[in-house]
1. So which of 112, 62 is out of contact with any strand residue (DSSP E or B) (no Cβ under 6 Å at 6 or more places or on another chain), within 30 Å of residue 215 (Cα to Cα) and in a loop (DSSP other than H, G, I, E, B)?
2. Which condition does residue 248 not pass, out of (1) in contact with a helix residue (DSSP H, G or I) (Cβ under 9 Å, 6 or more places away or on another chain); (2) part of a strand (DSSP E or B); (3) buried (at least 18 other Cβ atoms within 10 Å of the Cβ), if it passes all the others?
3. Among 141, 232, which is at pLDDT below 95 and either under 27 Å from residue 94 (Cα atoms) or in the same structural domain as residue 290 (by TED's automatic domain parsing) (or both)?
4. In a loop (DSSP other than H, G, I, E, B), over 14 Å from the mean Cα position of the chain (by Cα) and surrounded by fewer than 23 Cβ atoms within 10 Å (Cβ to Cβ), is that true of residue 153?
5. Within segment 210-225, can you find the residues that are under 18 Å from residue 259 (Cα atoms), in contact with a helix residue (DSSP H, G or I) (Cβ under 8 Å, 6 or more places away or on another chain) and assigned to a helix (DSSP H, G or I)?
6. Taking interchain pairs and intrachain pairs at least six residues apart, which have beta carbon atoms under 7 angstrom, with the first residue in segment 88-99 and under 16 Å from residue 73 (Cβ atoms) and the second assigned to a helix (DSSP H, G or I)?
7. For the list (1) touching a helix residue (DSSP H, G or I) at 6+ places or on another chain (Cβ under 9 Å); (2) surrounded by fewer than 22 Cβ atoms within 10 Å (Cβ to Cβ); (3) without any contact (Cβ under 8 Å) to a residue 60 or more places away in the chain, I need the number of the one condition that residue 185 fails.
């Protein structure tokens, strides 16, 4: 089987490795162009490019994968499968019809829920207790193609976007192989999605990371779990952005003003929220490392009664 693999993020790496280790012929890996990163703006490779280089696979990095040049390059390779996982560009009709057998997408949600760029983050933020992987036939719509296979896993209270991404990456690789096997042997049924049940998981922005203390304390904890490592959850203290990495929560009726720091000691920084208190355990001030609050307080003060 001749496969062209399209992916960019770390989420897609395990699927590429699984294909390679199971003997599939990967004639081309397509990933996003190298991007400047960090303060020095040095160009960095995508995780998929790093993986493809290690595996000795041919790499192609078009700025526009739907250009005539790109389409012709892909067509000449005569792929049996075109596999797309966390790639970062929308494929147009000219590409979707090239593969002899199928153009497949692996998506990190139980479609039709959480269509879009950030399904893992929004599932955690919204307090879902399960998620999963969907393989589907790609169409021109946004994650709306017929479902081939789905597998679900629970979202644990201890999960954050990092741990859940790792779990779903592993599951995605398994679902991909099973999907290919089913298509090859002809044991497959396509199930149309119920568009009336669809929800959207838009791309995350830096502004999404700001904590609103008027939220339910459970939502605040979910927010912190959902937005690791980027953009991170944060609040303002003396006009400085302070990132929060870990919290405990306490449900409680109180008369404190929402957003007020009521206590700061080795147990954490206590902030009044809608229906209780958020106890911040780890913080990061600008230009500093993330530290435990107990360590921070050994050389620094936090103003009690301050609104944040």
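The values are calculated or read from the model by the stated rules, or taken from the named source; none is laboratory data. Predicted model, so just to flag it, every value in this text is computed and none were measured. Here the Cβ is made from the backbone with ideal geometry for all residues, glycine too, and neighbour counts use every protein chain on show.
1. Matching residue, one of 112, 62: 112.
2. Unmet condition: (3).
3. Values: 232 fails: at pLDDT below 95.
Within the list 141, 232, the selection yields 141.
4. On the way: in a loop (DSSP other than H, G, I, E, B): no; over 14 Å from the mean Cα position of the chain (by Cα): yes; surrounded by fewer than 23 Cβ atoms within 10 Å (Cβ to Cβ): yes.
When the stated conditions are applied, residue 153 does not pass them.
5. Within segment 210-225, 219, 222, 223 qualify.
6. Short answer, once both residue conditions are applied: 94/71; 95/71; 95/74; 98/74; 98/75.
7. It fails just one condition, (1).
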